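K.L.:
One structure is given below, represented as structure tokens, and several questions about it will come after.
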Amino acid sequence: MSDSSQTIVLGGGCFWCTESVFLAVQGVVDVESGYSNGQVERPSYEQVCTGRTGCNEVVRLVFDPALISLREVLEIFFVIHDPTTLNRQGNDAGTQYRSGIYFNDAAQQEVAQALIAEMAASGTYRQPIVTEVLPLANYWPAEEYHQDFFARNPGQGYCMAVAAPKVAKFRKTFARLAK
């Protein structure tokens with residue numbers, strides 16, 4: 001990893017799915033499931049699941065920009081989830097499943113907003129993109145049992161039905177970036 005590693009936090013629905021994809025991406029050196037941009041400090045999974053904490057299920061990615069650009073990270077992010085559904089990804093519904101990009105500096109904000117504007121202008125999606133682009137706030141790691149969940153539980157029903165197809169879609173669409 002170079003000294004210039006960057007960190008970005010992404011909310012794309014259930015963090016098990018998002019984490020499982022980014023663990024397979026070249027240049028991503030660390031992935032941690034967590035919660036962010038809510039009002040509760042150190043929330044539990046049970047609290048977040050109520051939808052009353054304001055927290056989003058997210059992954060915190062550390063990546064090496066010498067190997068993968070932020071734009072490429074975000075392109076993967078937009079392919080593996082639906083950025084046009086408000087507070088929902090598939091059967092997972094609630095504010096904790098909202099689409100979000102939580103940046104650390106103005107440069108990251110600019111890259112995210114430019115990509116969203118480009119996709120909106122090109123008609124990439126039939127519906128408007130509802131991904132929120134906000135400064136990272138109130139990040140907390142998820143409980144240990146959520147970390148590397150798909151890798152440790154590949155036969156679990158949700159993983160087989162939801163996470164595995166997202167990993168397969170990533171590998172097909174971005175083969176050159178797969179580990």
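Quick note: the coordinates plus some simple rules give every number you see, no bench work behind them. Source: prediction; values computed, not measured. Using ideal geometry, Cβ is built from the backbone for each residue, glycine included, and neighbour counts are taken over all protein chains shown.
K.L.:
How would Val58, Val167 line up from fewest to most surrounding beta-carbon atoms within 10 angstrom?
P.N.:
The fewest-first ordering by Cβ neighbours comes to Val167, Val58.
K.L.:
Using only the alpha carbons, work out the radius of gyration and Dmax of segment 12-131 in angstrom.
P.N.:
Using the Cα atoms of segment 12-131, the pair Rg, Dmax is 14.2, 40 Å.
K.L.:
Taking the Cα centre as origin and putting +1 on Lys and Arg beta-carbons and -1 on Asp and Glu beta-carbons, what dipole magnitude results for segment 6-177, to the nearest 20 debye?
P.N.:
Once rounded to the nearest 20, the dipole reads 560 debye.
K.L.:
Please work out whether segment 132-179 counts as rounded, prolate or oblate from its C-alpha gyration tensor, where a ≥ b ≥ c are the square roots of the eigenvalues and a/c under 1.5 means rounded, while otherwise a/b larger than b/c means prolate and anything else oblate?
P.N.:
Values: a/c = 2.25, a/b = 1.23, b/c = 1.83.
Cα axes put segment 132-179 in the oblate bin.
K.L.:
Also: So if each residue of separation counts as 0.36 nm, and I subtract the Cα-Cα distance between Ala137 and Ser4, what length gain in nm does that give?
P.N.:
Numbers: separation 133, 0.36 × 133 = 47.88 nm, distance 2.19 nm.
Between Ala137 and Ser4, full extension yields 45.7 nm more.
K.L.:
A further question follows. Scan segment 85-179 for chymotrypsin sites (Phe, Trp or Tyr not before Pro) in coil per DSSP, keeping those whose Cβ has at most 12 other Cβ atoms within 10 Å, and list them by number.
P.N.:
none
K.L.:
If you average the alpha carbon positions of segment 136-177 and of segment 70-94, how far apart do those two centres end up, in angstrom?
P.N.:
13
K.L.:
Right, another one. So which aspartates and glutamates can Lys179 reach, going by Cα to Cα under 19 Å and dropping same-chain residues fewer than 8 places off?
P.N.:
In chain and number order, the partners are Glu19, Asp30, Glu32, Asp64, Glu72, Glu75, Asp148.
K.L.:
Okay, next question. With Cβ to Cβ distances under 12 Å as the rule, what net charge do the other residues near Glu46 carry (K, R +1; D, E -1)?
P.N.:
Result for the local shell: 0.
K.L.:
What is the sum of charges, Lys and Arg at +1 and Asp and Glu at -1, for the other residues whose Cβ falls under 10 Å from the Cβ of Ala178?
P.N.:
Every neighbour counted, the sum reads +4.
K.L.:
I'm checking a number: the convex hull volume of the Cα atoms of segment 1-69, normalised per residue, in Å³. What is it?
P.N.:
Normalising the Cα hull of segment 1-69 by residue number yields 85 Å³.
K.L.:
Around Pro135, with a cut-off of 15 angstrom between Cβ atoms, what is the net charge of the other residues, counting Lys and Arg +1 and Asp and Glu -1?
P.N.:
Local net charge: -2.
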